Structure formats: structure tokens, C-alpha cells
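The values are calculated or read from the model by the stated rules, or taken from the named source; none is laboratory data. Nothing here was measured: the structure is a model prediction, and the numbers come from that model. With ideal geometry, Cβ positions are generated from the backbone for all residues, glycine too; neighbour counts draw on all protein chains shown.
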Amino acid sequence: MDSILVRGGNKLNGVIPISGAKNATLPLMIASLLTSEELILENVPHLADVESLVRILTNHGVDYQVKGKRKNHNGQQGRNIHFKASEIVDTTAPYDLVSKMRASFWVIGPLLARMHKAKVSLPGGCAIGTRPVDMFIESLEAFGAKINIENGYAIASAEGGLVGAEFNFSKVSVGATHVALMAATLAKGKTVLSNCAREPEVVDLANCLIAMGAKIEGAGTSVITINGVEALHGARHRVLPDRIETGTYAMAVAMTGGDVFLQGAQASLLQNALDVLVKAGVGIEEKNDGIRVTRNGAGIKPVDITTEPFPGFPTDLQAQFMALMTIAEGDSKIKETIFENRFMHVQELARLGANITLDGQTATVHGPTRLTGATVMATDLRASVSLVMAGLAGEGETTVTRVYHLDRGFEHLEQKLSACGADIQRLSS
């Protein structure tokens with residue numbers, strides 16, 4: 001099992017190209033199940049989750065072809081992948097595939113919409129909370145599907161096809177919004193979804209579906225209206241830049257000091273997080289083709305945050321921000337409202353010298369602390385990169401184990417950081 005060795009103390013200076021967003025890529029790939037024609041996705045990142053989902057889609061009968069690297073207008077290199085589900089040959093998504101990644105459960109929506117049946121294993125993924133699939137099932141049942149849970153599988157059918165309906169999500173859920181949105185595109189009649197997730201990745205999916213012939217209004221607001229169509233056609237769509245990767249590298253610069261241009265980043269996708277960094281004393285300069293992040297000499301100020309659905313502070317940046325606050329000049333409070341078990345990185349940060357106390361869903365970070373190298377273990381995708389960041393800012397050597405979590409969501413992490421002066425390398429076991 002690979003690990004990452006970090007020798008701390010170096011400032012970051014240079015350019016980091018921002019990859020296509022993992023959280024947008026996965027639902028876009030799943031949308032290929034909705035049409036028999038070719039869906040071409042540009043700027044697809046090299047990630048373990050992408051490869052896992054490819055295996056699931058090919059199991060259903062999706063053909064795919066990876067084209068060579070292409071430079072975009074920012075000079076970055078991203079993959080173009082062609083997906084074509086001419087015929088769905090299997091409507092079962094088995095446990096051995098779905099258990100590796102939660103988003104793979106989302107295939108239930110397109111399979112029901114197009115094939116009127118599906119058998120999908122209950123999902124796996126990061127251990128950051130229960131994240132039940134109740135709302136996924138309830139929304140599909142509102143469209144007329146019959147769904148039973150048997151032996152760890154959701155077994156669904158919709159004889160005659162799905163029918164449009166009004167559905168109100170009991171809480172904001174990005175995944176449930178993705179599933180209901182995709183399913184509604186082929187449902188008969190009109191669908192109105194309320195209390196929808198407003199995340200940029202939802203808007204990106206809606207834009208792709210519209211390019212495929214779907215009739216959707218309101219994406220990016222809490223109410224989305226879909227008028228079902230008989231069939232969707234092929235399209236070409238570019239994946240939006242990864243706002244979580246953008247925020248992660250911005251916070252890494254804030255921790256280590258330096259001057260880095262995040263090429264291709266879009267400030268509007270994470271304005272709340274950038275505003276928080278400005279309050280903490282970090283220099284943020286928005287450019288036409290990216291974001292410049294600077295910190296030269298000045299200390300970090302403590303800032304309190306609460307994670308919230310978009311446009312609030314992203315839960316996927318909570319661990320990284322906690323790492324940053326360990327060097328802040330005073331105490332800061334971090335309240336997690338999205339997932340009930342997303343403080344597992346606290347113990348690992350403590351091994352590096354962090355002083356953090358927990359009270360339910362609120363963490364108080366007592367800063368500043370002197371971070372020193374140690375061996376730590378990644379517990380989930382975002383937690384793992386917070387440990388890398390702490391290692392970059394700390395003294396001595398830090399070894400991060402179980403980095404397969406990192407590979408699920410960060411493309412070429414070591415290469416991007418090394419190019420900016422970080423002393424970081426992957427160690428293969």
C-alpha cells in the first residue's frame with residue numbers, strides 16, 4: 001500500500017493547474033446511461049473514482065474510449081472520454097463494484113428512467129457518516145417506482161416508465177438531487193423538485209442534460225422544473241474546474257506561505273471559502289484565467305466557520321481549513337453540519353502537534369501550535385489531504401499512509417505540489 005512522504009518547511013511558489021471536478025465528473029458519466037447516443041466529456045481527471053465508475057458503467061454495457069491528452073485554453077492537459085450506451089445489457093450494479101464508491105449508487109436513476117428497472121447494491125465510500133439513501137428512494141417512488149430493499153440491494157421497477165411528480169427533499173442533498181434530476185428527464189410529464197441542492201456540480205449536470213435534449217429550468221436554485229422527453233441524444237460537455245481542489249491548494253499556500261497561481265480556477269465556485277481565507281489574512285486575487293493566492297510573512301488570523309450547503313462553506317474543505325487553523329494566532333471554532341462523523345482527522349492532526357478539542361459537532365482549534373512530523377493515517381478523502389498540508393507546514397518528516405483515499409479525488413497531487421517547491425514523494429510498498 002502506497003504512502004506519501006512530506007518534508008516540511010518549504011514555501012509554495014509557482015503555478016498549479018486545476019483539474020476537472022470529481023464531484024461533477026461522476027454524475028456526468030452516469031448520465032451517459034440515459035441515451036443510446038455518444039456522450040463526450042472533456043477535461044475528465046485521472047482519479048481512482050473515475051476508473052471505478054468506468055468499471056460499473058461497462059458492466060451495464062457502456063462502451064468508452066479515452067482520447068489523447070488535449071491542451072485547453074488554460075494550457076492544462078485533460079482527457080476527453082467518449083461514452084456510448086447503445087444498449088443496456090445489465091441493470092444490476094453488484095456489491096463488489098458499488099461498495100467502493102457511494103456515487104455509483106446513482107445509476108439507479110438513469111436505469112429506472114431508461115430501462116424501467118434496476119437492482120443496485122447499497123453504497124460504500126468514505127466512512128464519514130451514515131449518508132442514507134432514503135431520499136433517493138423516496139424521490140423515485142414519487143415518480144411511480146416500486147422499490148424494495150432485499151439482501152443489501154435496492155430492487156426497483158417502474159412498469160410503463162416513470163411519471164413526473166412534485167417532490168420536496170426533506171433536507172438538501174447533492175446526490176439525491178442528481179438522481180432525481182436525471183430520472184425526471186425521461187419521466188412522462190412535468191416534475192417539480194423543491195429544496196434542491198444548489199451546488200455548481202448540480203448546475204453542471206443540468207447543463208449537460210440540456211445539451212442532451214432535456215428540458216430543465218431552475219438549476220442552481222432551490223426549485224428545479226423538468227419537463228420529461230421521450231429520449232435524450234448525444235452531446236459534448238466540458239467538466240467544470242474542481243472547486244475543492246482549488247480551495248485545498250489555496251489553503252496549502254496559506255499554511256506554508258508563498259505565491260501560487262491556481263490556473264483555470266473559478267472564484268465564483270467557492271466564493272464563501274475564499275472570503276474566509278481573506279479574513280484569515282491570505283491574499284486572494286481573482287484573474288480572468290485563475291486565482292492568485294499569496295501569503296508572505298504575515299500570520300494567520302483565527303476565523304470561525306460552519307459548514308453549509310452551497311453557497312456556504314463546503315464540508316469538503318472542512319478538514320483542510322482545520323489544518324490551516326492549527327497555525328492561526330488564537331482559537332477558532334469549526335462546526336460541521338453536513339456529516340455526523342467528519343472529525344476523524346482530529347486524532348491524526350493531534351499526532352502532528354495540533355491542539356483540538358471536540359464538543360459534539362463543533363471543534364475548537366487552539367492555535368498557534370508547532371507542527372512536527374510523524375506517521376499518520378488517512379481516514380477519508382478530504383482528511384488525507386489535510387494531513388499532507390500539515391506535513392508541508394510542519395517540521396521534519398511526515399508519512400501519510402492509506403493514500404488510496406487521496407487517489408480518489410486529487411489528480412497528480414505530488415507532481416503539482418513538487419512543481420511549486422514542496423518536498424513530497426510517493427513511496428510504493
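Restricting the search to region 33-58, which residues are in contact (Cβ under 8 Å) with a residue 24 or more places away in the chain, closer than 12 Å to residue 104 by Cα and not hydrophobic (A, V, I, L, M, F, W, C)?
Matches in region 33-58: 49, 52, 55.
Is it true that some residue in region 408-419 is modelled with pLDDT of 95 or more, surrounded by fewer than 24 Cβ atoms within 10 Å (Cβ to Cβ), farther than 26 Å from residue 101 by Cβ and out of contact with any His (no Cβ under 9 Å at 6 or more places or on another chain)? Within region 408-419, one or more residues are modelled with pLDDT of 95 or more, surrounded by fewer than 24 Cβ atoms within 10 Å (Cβ to Cβ), farther than 26 Å from residue 101 by Cβ and out of contact with any His (no Cβ under 9 Å at 6 or more places or on another chain).
Filtering region 214-235 to residues that are among the small types (Gly, Ala, Ser) and more than 21 Å from residue 165 (Cβ to Cβ) leaves 220, 234, 235. Can you tell me which residue is nearest to the chain's Cα centre (by Cα) among those in region 65-79 that are modelled with pLDDT of 70 or more and of a type in the set (D, E, K, R)? Per the criteria, the residue is 79.
If you go through region 23-50 and keep only what is among the charged types (D, E, K, R), farther than 15 Å from residue 84 by Cβ and at pLDDT 95 or above, you end up with just 42.
Within the set 112, 140, 186, the sole residue that is in contact with a strand residue (DSSP E or B) (Cβ under 6 Å, 6 or more places away or on another chain), outside any strand (DSSP E or B) and either closer than 17 Å to residue 27 by Cα or of a type in the set (A, V, I, L, M, F, W, C) (or both) turns out to be 112.
Screening residue 198 with (1) over 30 Å from residue 282 (Cβ atoms); (2) not in a helix (DSSP H, G or I) gives one miss only, at (1). Based on this model, can you work out whether residue 205 counts as at pLDDT 95 or above and either part of a helix (DSSP H, G or I) or of a type in the set (Gly, Ala, Ser) (or both)? So residue 205 passes the test.
Residues that are touching a helix residue (DSSP H, G or I) at 6+ places or on another chain (Cβ under 7 Å), assigned to a strand (DSSP E or B) and under 21 Å from residue 326 (Cβ atoms) within region 381-429 comprise 398, 400, 424, listed in sequence order. The residue that is nearest to the chain's Cα centre (by Cα), among those in region 187-198 that are touching a residue at least 40 places away in the same chain (Cβ under 8 Å) and surrounded by fewer than 24 Cβ atoms within 10 Å (Cβ to Cβ), is 198. The combined condition, being of a type in the set (A, V, I, L, M, F, W, C) and either assigned to a strand (DSSP E or B) or more than 26 Å from the chain's Cα centre (by Cα) (or both), is fulfilled by residue 216. Kindly evaluate residue 308 against the criterion of being acidic (Asp, Glu) and surrounded by 22 or more Cβ atoms within 10 Å (Cβ to Cβ). When the stated conditions are applied, residue 308 does not pass them. Here residue 163 fulfils each of the conditions (1) surrounded by fewer than 22 Cβ atoms within 10 Å (Cβ to Cβ); (2) aliphatic (A, V, I, L, M); (3) within 27 Å of residue 47 (Cβ to Cβ) apart from (3).
Of the residues making up region 271-283, none is within 22 Å of residue 385 (Cα to Cα), modelled with pLDDT of 95 or more and in the same structural domain as residue 34 (by TED's automatic domain parsing). How about region 4-33: which of its residues are farther than 20 Å from residue 245 by Cα and under 22 Å from the mean Cα position of the chain (by Cα)? Correct list: 30, 31, 32, 33. If I filter region 1-21 down to residues being in a strand (DSSP E or B) and among the small types (Gly, Ala, Ser), which single residue comes out as surrounded by the most Cβ atoms within 10 Å (Cβ to Cβ)? Top of the filtered list is 20. Of all the listed residues (93, 31, 113), the sole one being closer than 18 Å to residue 236 by Cα and either β-branched (Val, Ile, Thr) or buried (at least 24 other Cβ atoms within 10 Å of the Cβ) (or both) is 31. Consider residue 271 carefully, then state whether it is surrounded by fewer than 18 Cβ atoms within 10 Å (Cβ to Cβ), free of Cβ contacts under 8 Å to residues at least 60 places away in the same chain and under 17 Å from the mean Cα position of the chain (by Cα). For residue 271, the condition - surrounded by fewer than 18 Cβ atoms within 10 Å (Cβ to Cβ), free of Cβ contacts under 8 Å to residues at least 60 places away in the same chain and under 17 Å from the mean Cα position of the chain (by Cα) - is met. Between 98, 62, 133, 89, the distinction of being at pLDDT 95 or above, under 28 Å from residue 241 (Cα atoms) and not aromatic (Phe, Trp, Tyr) belongs to 62 only.
Assessment of region 331-344 against the conditions (out of contact with any strand residue (DSSP E or B) (no Cβ under 8 Å at 6 or more places or on another chain) and among the β-branched types (Val, Ile, Thr)) yields no matching residue. Identify, please: which residue in region 341-389 is of a type outside the set (A, V, I, L, M), surrounded by 19 or more Cβ atoms within 10 Å (Cβ to Cβ) and more than 22 Å from residue 302 (Cβ to Cβ) and is, among those, modelled with the highest pLDDT? Filtering region 341-389 for residues that are of a type outside the set (A, V, I, L, M), surrounded by 19 or more Cβ atoms within 10 Å (Cβ to Cβ) and more than 22 Å from residue 302 (Cβ to Cβ), the one modelled with the highest pLDDT comes out as 373. Taken together, the criteria exclude residue 179 from residues that are in contact (Cβ under 8 Å) with a residue 24 or more places away in the chain and farther than 16 Å from residue 194 by Cβ.
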